[in-house]
Amino acid sequence: MSRRCTATCKDGTPCQGWAERGSDPPRCGVHGAQRNPRAPAERRCTAICKDGTPCQGWAAHGTDPPRCGVHGPGRRPRAPAERRCTALRNDGGPCQGWAVPGTDPPRCGVHGGGSKPPGPPKGHQNALKHGFFAKPDLPPHPTIDDIIQELFHRYLRLDAYIDQLFRSGHPSPKEVIHPVCIHGQTANKLRKLLLMRQEFRQWQAEAGMRAALYQALEELSEELGTDLLP
């Protein structure tokens, strides 16, 4: 009898389930038994929750005043003054993060680390697979022919990469789906660019013919002494 839950269920019947050890009055896990023991007074978080009640959660070791992970110290201790990054964030506030050792002025990895700029070194090829998204080698003011030629070269390189995947064995669907999708999208873009170039050239030819026709009508109008222009 001492191990049965003494709570009453919603239908008015006694629970009679197994009570958690140490619960007083005996309660099962459904009816309120606390699996984690309450923190002792010297280890309780002294912060106030949003609803105005004291937190009473377990405080992190060494915090003064005692604070739990939600109300203060977090997982990493704050950097000492001589090791704090002196850069400014985008919102104008100081970074205060851990600075890279030996940086002068102190800088964290995000803000440059003093001498080395953030990010990978220029020209690295650590994540290079097919090179489709590499920076294009185009002139400052590219024409539509330059764009078509560059996209066509990338299309051929991607086609060779997909062919190499299948020749090397049995690639997984994850390795193949993305390159094949890019391959199809590139073919569609090339088709649209070629149609646009054809329409543009037709427009240029029609504009040239129209200009030649107007010039001939002007010369004929001068010879006949009348206005033949529409």
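The values are calculated or read from the model by the stated rules, or taken from the named source; none is laboratory data. This structure is a prediction, so every number in the text was calculated from the model and none was measured. Cβ sites come from the backbone with ideal geometry, for glycine too, and all protein chains shown count toward neighbours.
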Let me spell it out: the conditions are (1) within 24 Å of the chain's Cα centre (by Cα); (2) at pLDDT below 80, and ASP137 meets all of them except one. Which number is the exception? (1)
Some residue of region 192-202 being surrounded by 10 or more Cβ atoms within 10 Å (Cβ to Cβ), in a helix (DSSP H, G or I), of a type outside the set (Val, Ile, Thr) and within 23 Å of the chain's Cα centre (by Cα): no
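The rows are residues; the columns are (1) closer than 25 Å to ILE48 by Cα; (2) assigned to a loop (DSSP other than H, G, I, E, B); (3) modelled with pLDDT under 80; (4) not aromatic (Phe, Trp, Tyr).
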{"residue": "ASP64", "(1), (2), (3), (4)": "yes, yes, yes, yes"}
{"residue": "HIS71", "(1), (2), (3), (4)": "yes, yes, yes, yes"}
{"residue": "ALA79", "(1), (2), (3), (4)": "no, yes, yes, yes"}
{"residue": "ASN90", "(1), (2), (3), (4)": "no, yes, no, yes"}
{"residue": "GLN96", "(1), (2), (3), (4)": "no, yes, yes, yes"}
{"residue": "VAL100", "(1), (2), (3), (4)": "no, yes, no, yes"}
{"residue": "ASP104", "(1), (2), (3), (4)": "no, yes, yes, yes"}
{"residue": "VAL110", "(1), (2), (3), (4)": "no, yes, yes, yes"}
Suppose we filter region 42-56 for residues that are touching a Cys at 6+ places or on another chain (Cβ under 6 Å) and either surrounded by 15 or more Cβ atoms within 10 Å (Cβ to Cβ) or at positive phi (or both); how many remain? 3
Just to verify a result, which residue in region 164-190, among those that are out of contact with any helix residue (DSSP H, G or I) (no Cβ under 9 Å at 6 or more places or on another chain) and within 19 Å of PHE133 (Cβ to Cβ), is surrounded by the fewest Cβ atoms within 10 Å (Cβ to Cβ)? LYS174
Residue identified as at pLDDT below 75 and over 30 Å from ARG84 (Cβ atoms) among PHE132, PHE166: PHE132
